[in-house]
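Below is one structure, written out as structure tokens, with a few remarks after it.
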Amino acid sequence: MALPMNRRALLGGLFAAASVPALAACSGGITSLDGGNGSSGSGTGSSAGGLTIGTANFTENQVLGCLYAAVLQQAGVKVKVRPNLGSREIVIPALKAGDIDLLPEYQGALLNYLAPKDASAEPGTMQNALILALPAGLQVLPYGQAADSDCFAVTRATARKYGLVTLADLADLAKQNGKLVIGAAPEVKKRRVGAVGLQEVYGVEFKEFKSLDSDGPLVKGALKKGDVDVANLFTTDTDIAANGWVVLTDPKNLIPSQHIVPLIADRKADDTVRKALARLGNVLTTDQLTQLNSQVDNDKKDPEDVANAYAKEKGLAK
Amino acid sequence: MYELITNLGAWLTSGTQWSGYDGIAHRLAEHLQYSLLATLIAAAIGLPLGLLIGHTGRGAFIAINLSSFGRALPTVGLVVLVFLASGLSMWPVYIALVALAVPSIVTNTYAGMTAVDPDVKDAARGQGMRWHPLALIQVVATATIAAYVSFGGLGRYVLDGLAQRDLVQVMGGAVLVAVVAIALDLVLSGVQRFLFRHRPA
């Protein structure tokens with residue numbers, strides 16, 4: 001066969017080879033998102049240049065990002081949302097680089113990311129620790145009343161069969177049968193609230209770590225079908241109760257308090273933004289957030305519609 | 001950038017990176033296994049079908065539309081769909097890869113069978129009908145999705161690297177996939193030239 005054809009085939013193959021990483025990249029920008037330090041220089045308030053909200057790649061973070069957008073727009077701030085960017089390992093560097101300005105975060109997980117082993121249980125202490133741990137240019141605003149923790153869940157059948165109540169029980173079981181499989185997002189393999197901490201704090205040795213998604217259809221499907229024994233889920237997921245899954249308790253406080261906290265670039269944190277986000281933080285409860293997540297996950301509604309409807313209902317936006 | 005490239009070089013050549021369960025050697029073997037097996041299954045389905053269409057001259061319309069349909073199929077979507085139906089196994093991966101490869105094998109076989117005017121053949125090539133290696137190379141590139149549903153292969157580096165923001169790992173995985181695709185293409189075109197050495201091009 002003629003050579004040009006092979007070359008074409010080769011190009012086709014290369015293009016296809018590039019397309020899968022690219023597909024993953026569109027949900028998690030690899031480096032700088034638009035390669036610059038943003039249009040607004042330091043000292044410019046949000047009202048001048050507008051504000052870009054980034055969100056991580058799971059349902060609740062999209063909902064929170066849209067809620068932030070709704071209340072900020074109501075306060076007259078020009079807002080842009082860049083949803084579904086990726087894991088914390090992606091979004092925090094994007095925030096530092098100035099590609100995004102505001103991020104819905106979780107106290108304990110953020111602290112674990114910034115200063116591993118510094119996490120404590122009490123939200124006020126944690127807020128102080130966060131303020132100390134944050135790099136220059138970033139700050140946390142007051143935390144809201146809603147909280148969402150990482151958790152490790154098993155099916156009711158598994159819990160009954162092995163008498164599992166706590167994460168320590170899990171360690172015993174892992175030692176006995178040596179066949180425990182955990183399912184979680186790929187980043188959880190290297191995280192303290194994940195495979196690393198479970199091993200260090202409880203001595204849980206998994207036979208296998210299955211890389212799936214963040215509290216999404218893959219990890220929940222795998223737990224439901226028994227393909228994984230333990231799944232890393234979020235406590236604000238109605239599917240846990242709906243499926244009768246058992247969240248293993250954490251007597252050694254591996255998993256820190258996880259109140260939702262806005263993480264923002266200093267230059268964008270003006271009074272308008274602070275007030276609007278503080279108001280949302282005071283109104284939104286864990287139960288309400290759980291319901292909003294469920295509307296997206298189970299009723300297949302758009303996160304933006306869900307957020308706008310909530311903001312309207314609570315008088316946070318028109 | 002320079003640092004990234006030197007790190008990538010170190011990653012690709014480090015002995016520890018090549019050994020063990022998460023080592024390049026093992027991931028490469030997995031990747032080849034997924035790709036070759038999927039292509040073989042696809043050929044077992046696609047070749048007879050293409051021969052039948054070429055032989056009888058019937059169903060060509062369907063074959064060409066099947067090809068377009070196959071190319072439009074979102075592979076990741078198919079993986080998730082089969083995953084939700086069947087659970088965590090290699091099925092979603094193989095079904096998606098086979099679905100990707102079958103259409104091009106069918107149309108290529110059919111196009112090869114019909115002894116038509118060379119101008120028409122050229123036109124067919126121009127419209128995207130190519131010889132089989134493309135199917136395999138497409139599968140090699142797409143086999144990275146196995147990692148999306150927790151399995152191995154070179155996609156493991158790309159997906160884990162993205163989630164953990166380890167750029168060197170992402171690039172290492174991508175480079176390896178590209179190298180495998182190029183190497184297989186060269187090998188197959190060599191084989192092809194050898195087999196058809198007595199025929200005019």
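The values are calculated or read from the model by the stated rules, or taken from the named source; none is laboratory data. Quantities reported herein were computed from a predicted structural model and do not represent experimental measurements. Cβ: placed from backbone, ideal geometry, glycine included. Neighbour counts: every protein chain shown.
Give me the residue from the stretch A:83-135 that is more than 14 Å from every other protein chain (Cβ to nearest Cβ) and among the β-branched types (V, I, T) and, out of that set, surrounded by the fewest Cβ atoms within 10 Å (Cβ to Cβ).
First, pick out the residues of the stretch A:83-135 that are more than 14 Å from every other protein chain (Cβ to nearest Cβ): A:83, A:98, A:100-112, A:114-135.
Filter again for among the β-branched types (V, I, T), leaving A:100, A:125, A:131.
Numbers: A:I100: 29, A:T125: 14, A:I131: 10.
Among them, the one singled out is A:I131.
Keeping to the stretch A:84-107, report how many residues are touching a strand residue (DSSP E or B) at 6+ places or on another chain (Cβ under 8 Å) and not basic (K, R).
Count: 15.
Considering only the stretch B:153-201, how many residues are crowded, with 20+ Cβ neighbours inside 10 Å, assigned to a loop (DSSP other than H, G, I, E, B) and small (G, A, S)?
Residues that pass the stated criteria total 1.
Go over the candidates B:T39, B:T75 one by one and state the one that is surrounded by 15 or more Cβ atoms within 10 Å (Cβ to Cβ), within 27 Å of A:G183 (Cα to Cα) and either modelled with pLDDT of 90 or more or within 12 Å of chain A (Cβ to nearest Cβ) (or both).
From the options B:T39, B:T75, the qualifying one is B:T75.
Quick check: is even one residue across the stretch A:308-317 within 21 Å of A:L51 (Cα to Cα) and polar (S, T, N, Q)?
Yes, the stretch A:308-317 has at least one match.
I need the full set of residues from the stretch A:85-104 which are in contact with a helix residue (DSSP H, G or I) (Cβ under 8 Å, 6 or more places away or on another chain) and not in a helix (DSSP H, G or I), in order please.
Within the stretch A:85-104, A:L85, A:G86, A:S87, A:I100, A:D101, A:L102, A:L103, A:P104 meet the criteria.
Assess whether A:V193 counts as being β-branched (V, I, T), within 23 Å of B:L84 (Cβ to Cβ) and out of contact with any Pro (no Cβ under 6 Å at 6 or more places or on another chain).
no
Out of the residues in the stretch B:80-109 that are of a type in the set (S, T, Y) and surrounded by fewer than 21 Cβ atoms within 10 Å (Cβ to Cβ), state the one that is farthest from the other protein chains (Cβ to nearest Cβ).
Checking each candidate, the answer is B:Y94.
Looking at (1) assigned to a helix (DSSP H, G or I); (2) buried (at least 21 other Cβ atoms within 10 Å of the Cβ), which one does A:A157 not meet, given that it meets all the others?
(2)
Given the condition under 15 Å from the mean Cα position of the chain (by Cα), buried (at least 18 other Cβ atoms within 10 Å of the Cβ) and either within 14 Å of chain A (Cβ to nearest Cβ) or part of a helix (DSSP H, G or I) (or both), answer yes or no: does some residue in the stretch B:46-63 qualify?
yes
Which condition number does A:S19 fail, the rest of (1) at pLDDT 50 or above; (2) at negative phi; (3) within 12 Å of chain B (Cβ to nearest Cβ) being met?
(1)
Just to check your reading of the model, which residue among B:T142, B:T114 is surrounded by fewer than 24 Cβ atoms within 10 Å (Cβ to Cβ) and at pLDDT 65 or above?
Checking each option against the conditions leaves just B:T114.
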